[in-house]
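For reference, the structure discussed in these notes is given below.
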Amino acid sequence: MGIAAIDVGAIAQAASTGLLLGGIYALSALGLSLVLGVMRLVNLVHGEVTVLGAYLGLLALSTFGLDPLLALPLVFVVVGLAALPVHRLVLAPLAGRGEEAALLTTFALAVIMQNLYIQWFTGDTRAITRPYSRSTIEVLGLRLPGVYLMGFAISLGCTIAVYALMTRSGFGRRLRAGAEDPMAAGVVGVDVGRVHAQTFALGAGLAAMGGVLLGLAFSFTPTSGTAFLLVGFAIVVVGGLGSVAGTFIGGTMLGVLQSLGALMFGDGYRGFIGLVLFLLVLALRPNGLFGRTAAT
Amino acid sequence: MTSSPPLVLDDPATADRRRSPLGRELAILAAVAACLFLMPYVVDDYALQVGYLILQLAALATAWNLLAGYTGLVSLGSAAFVGIGTYTMAMLDERAAPVWFAIIAAGVVAAVFAAVVSPAMFRLRGLYFTIGTLALAEALRMWMVNARTFNGAAGIYLTGRPPAFYQLYWLVLVAAIGATAVVVVILRRPLALRLNAVRDDEDVAAEMGVRVFRAKLVAFAVSGSLMGIIGAVQALNTRVVVPNGAFGLTWTVNIVLVALIGGLGTRTGPWIGAVFAILLQESLRGYPEIHLAITGAVLLLVIRFAPSGIGGAMADGRRRLARVWRTRS
């Protein structure tokens, strides 16, 4: 490259910002990973649910004056509950019809939601701006955006909570059993259909919370869902399917690589680098991805 | 991962394979082509525009149907092939190549692209192929937006002498009829059995001696080159070629909507779907979002209640009616 001297400071700055951003990405990706690992569902509407979270964060602020970060639990509950009837009415009846029918149904849902957003919110680019959006905190000589630090911490906290849910609760046991072997789980009395409904709701709730954080960190449009979805898939593939801890680590790895890539080639290549990484991992070790299923 | 079961189990196109000879089918196609060829002399400009859109989507959905319906490769990467065709036309226009040459070249370049990415893409099975193709097409779009090579997001203007609109209509008519003829002919060849075997169970097909990679590649390349040709004609129509339009996800979304609503794995399905989608679009002019949301809702209902699409449901109805007729007389 034509760079005269390698600027260590700039690299450290980009890497640490990328790390924080990747942690924020990971929250939405966690929902995608759970749904894929447990339900074997490539959920193409996941990006639109993430965008829904961003719009809800915006509405919480503009309509109720509620800080989006304080509205996070509310967004999680509302979107999670709204996902239950969608699963019941639209996805559950397709059980036994193969993976493609469910995949294409989520495709149809994504088309519907994306166009409803344009109808309701116009195609304008939005961003959730708060007083803390522009503040930076200096750590070890690095200037880190405060909103990134908060988003990272919240995402990490939620990931730990989901990990505890998976490993310590009855729901987690049933979920892991259903993911490992749905037939055997059914035989020993696990209501697999119910586990799937709960997983879908959990996935949607996590996506929406991730969307609030992304809305605070970035600007978004009604069609941002596809980009969020692809980033999510990249993280899932890098971090290992269905692995809670792996998803968070995969997210931070992707974030660091994207930011370093943006530093080297220009900011426009951020998304491109994520997709190339995704395709490389997918093409080089496709079998390694299908092996791991247990959500631990 | 076990390979996923096919979306369409009963394939009407292969089911009534013995009923009508190939010659008769091609004759019907030729008759339809002749009628549609005369349209510019009969209808007004607006109707011709609508006709162009219908034929464009019918050709694209037919190409996608060969891949998804007959071979079981559900691709979300169609925009890549359309975009490659569009840019091939733009680049050759800059070099003052004849239009017919540029259109053929667009098909060839798109097929070559399919061949180049196939070793990586075909390692992905089932659902992973679907996300892989989506990622590939989006990566290509982002690269085209950022790279200077093809003038980035600003795009390229076509400077050659623009063809009249009725000529564009004829070009897209030839593409749509040609795509359907390709599918009709393939369905009569042993290749169709290999494609269907790959769709129904890749592993079993391989055990039976089907060269799976080669069968998939033929479907991927033929389908891709048809999409590339449509992209080239579209470049002649828009005159300005930009990455977000040529490689836009809208292509992929429309193709999937039309092919599935019309009926996967049927020859007439893509045409029925294209007519349905474009007429709905034209009746909701000025409300493109509502049109797309309704089309998405129709797709939801079709997947749930009529998995072989409107075309398949109509064929079913016809067969049932014929059975009732026979038992009565």
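The values are calculated or read from the model by the stated rules, or taken from the named source; none is laboratory data. For clarity, every value in this text was computed on a predicted model and none was experimentally measured. As a convention, Cβ positions derive from the backbone with ideal geometry for all residues, glycine included, and neighbour counts pool all protein chains shown.
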Surrounded by fewer than 19 Cβ atoms within 10 Å (Cβ to Cβ), of a type in the set (Lys, Arg) and away from chain A (no Cβ under 14 Å) - does that describe any residue in the stretch B:277-290? yes
Those residues that are under 24 Å from B:ALA47 (Cβ atoms), free of Cβ contacts under 8 Å to residues at least 60 places away in the same chain and buried (at least 21 other Cβ atoms within 10 Å of the Cβ), I need them from the stretch B:241-275; list them, please. B:LEU257, B:ILE261, B:ILE272
Any hit, the stretch B:32-41, residues being under 16 Å from B:ILE278 (Cβ atoms) and more than 20 Å from the chain's Cα centre (by Cα): yes
Determine whether the stretch B:292-314 contains at least one residue that is outside any helix (DSSP H, G or I), crowded, with 19+ Cβ neighbours inside 10 Å and under 21 Å from the mean Cα position of the chain (by Cα). yes
Among the residues of the stretch B:198-238, what is the count of those that are over 22 Å from the mean Cα position of the chain (by Cα) and not hydrophobic (A, V, I, L, M, F, W, C)? 6
Please indicate, with yes or no, whether at least one residue in the stretch A:88-100 is more than 16 Å from the chain's Cα centre (by Cα), more than 10 Å from chain B (Cβ to nearest Cβ), more than 20 Å from B:LEU127 (Cα to Cα) and touching a residue at least 40 places away in the same chain (Cβ under 8 Å). yes
Looking at (1) away from chain A (no Cβ under 14 Å); (2) farther than 23 Å from B:ASP316 by Cβ, which one does B:ALA192 not meet, given that it meets all the others? (2)
What is the number of the single condition among (1) under 24 Å from the mean Cα position of the chain (by Cα); (2) in contact (Cβ under 8 Å) with a residue 12 or more places away in the chain that A:ILE137 does not meet? (1)
Among all residue pairs at least 6 apart or on different chains, which show Cβ distances below 7 Å where the first residue, located in the stretch B:18-32, is within 17 Å of B:VAL174 (Cβ to Cβ) and the second is modelled with pLDDT of 85 or more? B:LEU26/B:ALA181; B:LEU26/B:VAL184; B:LEU29/B:ILE177; B:LEU29/B:THR180; B:LEU29/B:ALA181; B:LEU29/B:VAL184
Looking only at the stretch A:47-55, decide whether some residue is within 14 Å of another protein chain (Cβ to nearest Cβ) and under 26 Å from A:PHE218 (Cα atoms). yes
Residue that is touching a helix residue (DSSP H, G or I) at 6+ places or on another chain (Cβ under 7 Å), over 19 Å from A:SER33 (Cα atoms) and at pLDDT below 85, where the choices are A:GLY215, A:GLY261, A:GLY268, A:GLY242: A:GLY268
Test result for A:PHE64, away from chain B (no Cβ under 14 Å) and within 20 Å of the chain's Cα centre (by Cα): no
Odd one out for A:ALA201 among (1) in contact (Cβ under 8 Å) with a residue 60 or more places away in the chain; (2) more than 22 Å from A:VAL42 (Cβ to Cβ): (2)
Mind listing whichever residues of the stretch A:30-64 are more than 18 Å from A:ALA197 (Cα to Cα), among the small types (Gly, Ala, Ser) and either touching a helix residue (DSSP H, G or I) at 6+ places or on another chain (Cβ under 8 Å) or not in a helix (DSSP H, G or I) (or both)? A:GLY47, A:GLY53, A:ALA54, A:GLY57, A:ALA60
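For (1) away from chain A (no Cβ under 14 Å); (2) outside any helix (DSSP H, G or I); (3) closer than 27 Å to B:LEU249 by Cα, each residue gets a yes or a no:
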| residue | (1), (2), (3) |
| --- | --- |
| B:ALA96 | yes, yes, no |
| B:ILE104 | yes, no, yes |
| B:THR133 | no, no, yes |
| B:ALA139 | no, no, yes |
| B:GLY160 | yes, yes, no |
| B:TYR166 | yes, no, no |
| B:TYR169 | yes, no, yes |
| B:LEU173 | yes, no, yes |
| B:VAL183 | yes, no, yes |
